[in-house]
Structures are given as C-alpha cells and as structure tokens.
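Peer 1: Quick one: structure below, then a few questions.
The values are calculated or read from the model by the stated rules, or taken from the named source; none is laboratory data. These figures come from a predicted structure and were not determined experimentally. Just the protein is used for accessible areas: all its heavy atoms, side chains included, with ligands, DNA and RNA removed. Shrake-Rupley method; radii C 1.70, N 1.55, O 1.52, S 1.80 Å.
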Amino acid sequence: MTKGKVDALLGIVFGDEGKGKVVDWFTPRYDIVARFAGGPNAGHTIIFGGKKFVLRSIPSGIFDEGKLNIIGNGCVIAPDLFMAEAQELEAAGYTLSDRLIISRRVHLILPTHRLLDRAYEAAKGKDAVGTTGKGIGPTYSDKAARTGLRVGDILHDFKTKYSRLKARHEQILADLGFTDYDLAEEEARWLEGIEYMRRFRLADTETTINQALDAGKNVLAEGAQGSLLDIDHGTYPFVSSSSTTIGGVCTGLGVAPQRIGRVFGIFKAYSTRVGAGPFPVELFDATGDRLRDIGHEYGAVTGRNRRCGWLDLVALKYAIMINGVTDLVMMKSDVLDTFDTIRVCTAYRKDGQETQTMPYDTTGWEAVYEDVPGWQTPLSELRSETNFPAAFRRYIDYISQATETPISIVSVSPDREATIILNPSLKA
Ligand code: GDP
Ligand code: IMO
Ligand code: MG
C-alpha cells in the first residue's frame with residue numbers, strides 16, 4: 001500500500017496570513033488535520049455560510065465532521081480557554097470528543113504562566129515583545145527547563161504536581177515584585193477545564209499519526225504563527241517561543257522528514273505584523289492606514305492594530321529557503337484592489353549597503369522598493385483565474401519569478417469559496 005504523506009501549511013511571515021481559512025478549505029482532501037506548534041496565541045478565522053469562527057487551539061479541520069483532528073505534542077494548551085473554545089463549537093452543533101485527539105505530551109499553560117508572561121513583559125519595559133499574554137513563553141520555558149506539566153500528568157496525582165509548579169511560579173512572581181493578583185476565579189475555571197479535557201482522547205498521537213500514514217492516510221499539518229516568529233529563525237527576541245517552521249512539523253508531531261510531502265507557504269499580498277520588533281516594510285503613513293482599514297488588520301486574539309506595509313520579498317525568500325516551500329498561497333489579494341501602484345520590497349538598505357538575504361538583525365534596515373501597476377478592479381467575486389485582470393496576473397507572475405516558487409492558490413475574500421487554484425496538480 002502507498003504510504004500517506006504529511007503536507008504542511010505554514011505561515012511564512014509574521015502570522016495571521018489566513019491559515020485557518022485555507023486549512024478549512026483544504027480539509028476535504030485530507031484524513032487528519034494536526035496542529036504541531038503554538039497554543040491560544042493563535043487566532044485562526046474561518047468564515048462559511050455567513051458564520052465566523054476563530055479557533056485558537058483546535059485545528060481548523062474541525063468543521064468537516066468526517067475528519068480527525070489532532071493537537072500534537074509540540075503545542076501548548078490552556079485548559080480553560082480550550083474548554084471555552086470547544087463549548088462554543090459544541091453549542092454551534094459540532095460534536096468534538098470523538099474527532100479530536102490531544103497528545104499527552106502537550107504542555108499545560110497554567111494560570112501562573114499567564115501571570116509570568118505579564119510580569120516578564122512589564123519587567124522588559126520599552127523592550128517588551130508585545131506578547132499575546134497567553135503564557136506561551138513561560139510555558140515553553142518550563143518545557144525546556146524540564147519543569148513543565150503535560151496533559152498526561154492530569155491522569156495521575158495531578159493536584160500535587162500542579163501545586164508544586166504553582167508554588168514555584170509564585171516564588172518567581174514575588175521575586176519580581178509582581179504580587180498584585182487574585183487567581184481564585186481563574187484557577188477554578190482552569191481546574192474545571194482540566195476535568196473537561198478528560199472526555200477527549202488523550203493519546204500518544206505520534207503513534208496515531210504514523211499508523212495512519214502507514215495505512216495510506218494523508219495528514220495536513222496546520223501551522224501557527226509565522227516563520228519570522230519562529231524561536232530560531234524569526235526576528236529574535238521579538239518572536240514566539242515555538243518552532244513554527246518545517247522542522248517544527250517533524251518534532252511537533254513526531255513524524256520523520258521523509259514523511260513530509262508538499263509544503264504550502266502562505267502569505268498576504270502585502271505585509272502585517274502584530275506586537276513589537278523590527279519590520280523594515282512598515283508604513284507609518286496614510287497608505288499603511290489604508291491597508292489596515294481595507295484589510296481589517298486588527299488582531300483576532302487581542303484586537304490590537306496590526307502594523308502594515310508592502311510585500312517583503314527578502315522575508316519571503318528567506319522563509320521559502322528555511323521551509324523548502326513547494327507552493328505559495330497568496331491571501332487577501334482583494335485588499336490591493338484600489339491601489340494604482342503597488343510596491344514590493346526587493347532588498348534592504350543600511351549605511352549604503354544593500355542586501356537581498358535576511359540579515360542577522362533587521363533593525364535599522366530600510367526597504368528598497370520596486371513599483372508594479374495595480375489592477376484597480378474588484379477581485380472578491382472571482383472564482384476562477386480566467387477572469388483575472390492582466391495586472392493581477394502580472395503581480396502573481398512577478399512574485400513567482402522573484403521567489404522561484406509557484407503561487408498555487410490565491411484568495412480573494414474571507415469566504416471559504418473565494419479560494420482559487422492556479423496549479424493544475426491541485427485541481428481534484
Ligand atoms: P491566521 O491566523 O493565519 O489563520 O489568520 P487570521 O484569521 O488571524 O487573519 C486572517 C484574516 O483575513 C481573517 O480575518 C480572515 O477572515 C481574513 N481573510 C482571509 N483570506 C482573505 C482574503 O482573501 N481577503 C480578505 N479580504 N480577507 C481574508
Ligand atoms: P496566528 O497563528 C500573529 C506574536 C505576538 C508577539 C509575539 C510573541 O494567528 O498567525 P506570544 O504570545 O506568542 O509569546 O507573542 O508573537 N504572535 C502572533 N502574531 N499571529 C499569531 O498567530 C501570533 N502568535 C503570536 O503578537 O509579537
Ligand atoms: Mg491569526
């Protein structure tokens with residue numbers, strides 16, 4: 001029997017590229033959808049039939065009743081937020097417990113991890129990362145320090161382990177002078193979340209996935225965040241704390257590299273970033289405001305303004321290299337509909353020096369642009385490439401040529417249906 005493959009859908013910039021929409025749209029082609037990194041810092045928006053859902057920890061394959069969804073070992077989970085998210089889906093009529101499996105190796109985000117996230121950010125002052133405040137950094141820190149708690153821990157003597165780690169966190173908080181908090185209500189809800197999680201299959205999902213692959217089933221790995229927020233390859237220290245790139249798929253699901261099939265690299269037709277950190281293409285002018293307004297660039301998790309700018313080919317090429325992207329997926333093309341000229345960053349410049357490869361630190365580098373003509377035609381009703389305006393076609397070809405990677409899918413509105421396949425090999 002032919003063995004199955006793991007295809008990956010990875011955000012290749014600063015997150016919020018539209019992963020949720022594309023994973024949901026892709027799901028009918030796969031047997032399993034699996035998250036491999038991150039936690040409730042993610043906010044994946046899915047819109048269909050006039051309804052909108054924002055998923056944080058649950059994979060975006062959950063709306064297809066026939067498919068299995070897995071929260072893989074590379075993820076972190078907050079039981080209280082997971083419970084709220086799952087209950088919202090249950091209230092909307094989706095049954096979850098038989099279709100959602102959680103790895104026992106997933107690390108638990110404690111209420112005190114969230115306090116530590118706030119305390120560390122406060123201590124950094126003007127150098128704060130601008131985290132989502134969900135306790136991501138402190139939870140992955142405990143994982144690396146070998147002091148964390150995992151989902152599998154809830155099955156044996158959990159209260160003792162929990163109290164021990166909580167006490168350790170309280171000590172650190174006291175040392176930081178961060179004492180003005182009352183956890184009682186949050187903690188009660190969190191413990192309720194722990195009980196709620198017991199109704200799900202808590203399993204060794206690396207075995208589940210590999211057995212499914214051996215049986216010829218195909219898996220879609222759903223990325224969270226983006227390559228430039230990766231702990232190793234992102235704009236450190238202004239990054240998240242997990243491996244959001246292709247290597248994270250292997251470690252975060254327990255699959256070998258030869259299991260990986262196609263790598264879909266998803267990006268917007270322009271750039272955004274939430275939180276602090278260098279962003280050479282950032283626009284501080286009316287054009288930036290216009291991109292934000294038209295693109296509704298406000299965070300799905302925190303509601304914060306997203307910083308906006310033109311497409312960054314330096315960043316794109318870097319992420320394509322790191323991840324071995326086989327297919328590009330360009331989102332939110334419609335946001336550029338009204339611009340007469342579109343700019344594309346082709347290099348960075350600093351102190352008279354120019355580079356097309358990603359520098360160690362992008363702070364202080366400014367963008368060098370090439371201008372391309374806009375299409376000035378509404379795209380959002382298009383459902384096939386036959387009616388693409390010529391200038392839009394040229395924008396697609398320009399990016400494909402510059403990155404030496406085909407754009408296989410474009411998206412022209414938030415709706416599930418507004419997803420257009422360009423690569424014949426994907427036309428089922
Ligand atoms: P994710 O974190 O990568 O899943 O992305 P988010 O859900 O945080 O942000 C993407 C936003 O863009 C969501 O509000 C989507 O509904 C929206 N979106 C996705 N595709 C398109 C598109 O082609 N056009 C427009 N205008 N919006 C889109
Ligand atoms: P999705 O999956 C955009 C950013 C935060 C902050 C940095 C660190 O929806 O694309 P963290 O809370 O992870 O410690 O924050 O990373 N960030 C995201 N930005 N989309 C995300 O997820 C993000 N997850 C984290 O804004 O700058
Ligand atoms: Mg998001």
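Peer 1: Need one number: the % of Cα-Cα pairs in the range 289-428 sitting beyond the 22 Å mark.
Peer 2: Values: 4410 of 9730 pairs.
Percent of Cα pairs beyond 22 Å in the range 289-428: 45.
Peer 1: For the chain, set up a GNM with springs between Cα atoms under 10 Å and report which of 182, 80, 340 has the largest fluctuation.
Peer 2: With Cα springs under 10 Å in the chain, the top fluctuation among 182, 80, 340 is at 182.
Peer 1: So, one more: Mind checking which lysines have their C-alpha under 18 Å from residue 161, skipping anything on the same chain fewer than 8 residues away?
Peer 2: 143
Peer 1: To make sure I understand the rule: partners must be aspartates and glutamates, Cα under 20 Å from the Cα of residue 5, and not fewer than 8 residues away in the same chain. Which ones qualify?
Peer 2: Within the straight-line limit of under 20 Å, residue 5 reaches these aspartates and glutamates: 24, 31, 64, 204, 206, 214, 222, 327.
Peer 1: Using square roots of five times the C-alpha gyration tensor eigenvalues, list the equivalent-ellipsoid semi-axes of the range 375-425 in whole Å, biggest first. Let's see the in-between values first.
Peer 2: Numbers: eigenvalues 65, 39, 16 Å².
For the range 375-425, the ellipsoid semi-axes come out as 18, 14, 9 Å.
Peer 1: Something else: Suppose all protein chains stay in the model; what accessible area per residue would a 1.4 Å probe give for the range 266-311, in Å²?
Peer 2: Working: 1660 Å² over 46 residues.
Here the residues of the range 266-311 average 36 Å² of exposed surface.
Peer 1: Here is a follow-up. Within the chain, what whole-number % of the accessible surface is contributed by carbon and sulfur, with the 1.4 Å probe and all protein chains included in the calculation? Kindly include the intermediate steps, with their values, before the conclusion.
Peer 2: On the way: 8540 of 17390 Å².
Using a 1.4 Å probe with all protein chains present, the chain comes out at 49 percent carbon and sulfur.
Peer 1: Over the range 248-338, how many percent of alpha carbon pairs lie in each 5 Å bin up to the one with the longest distance?
Peer 2: So the P(r) values, bin by bin, are 3, 12, 20, 20, 17, 13, 9, 5, 2, 0.
Peer 1: Then there's this: On C-alpha positions alone, give me the angle between the axis of helix 184-197 and the longest principal axis of the chain, in degrees, nearest 10.
Peer 2: It works out to around 80 degrees.
Peer 1: Once the piece of chain linking residue 290 and residue 203 is laid out straight, how much longer is it, given 0.36 nm per residue of separation minus the C-alpha distance between them?
Peer 2: Values: separation 87, 0.36 × 87 = 31.32 nm, distance 4.68 nm.
Separation in residues times 0.36 nm, less the Cα-Cα distance, equals 26.6 nm.
Peer 1: Continuing with the same structure: Quick one: check the C-alpha center-to-center distance for the range 245-300 versus the range 328-348, whole angstrom.
Peer 2: The two parts, judged by their Cα centres, are 14 Å apart.
Peer 1: Straight-line reach from residue 126: which lysines fall under 23 Å, measuring Cα to Cα and dropping same-chain residues less than 8 apart?
Peer 2: Of all the lysines, those that pass the test against residue 126 - Cα under 23 Å, at least 8 places apart if same chain - are 134.
Peer 1: Placing one identical point scatterer on every Cα of the chain and ignoring solvent, what is log10 I(q)/I(0) from the Debye formula at q = 0.07, 0.08 Å⁻¹?
Peer 2: Evaluating at q = 0.07, 0.08 Å⁻¹ gives log10 I(q)/I(0) of -0.33, -0.43.
Peer 1: Hey, which of these cross-link pairs are over 29 Å Cα-Cα: 19/217; 21/159; 166/268; 332/427?
Peer 2: The pairs that break the limit, which is 29 Å between Cα atoms, are 21/159; 166/268.
Peer 1: I would also like to ask the following. Roughly speaking, what is the centre-to-centre gap between the range 53-84 and the range 93-127 when only Cα atoms are used, to the nearest Å?
Peer 2: Between the Cα centres of the range 53-84 and the range 93-127 lies a distance of 13 Å.
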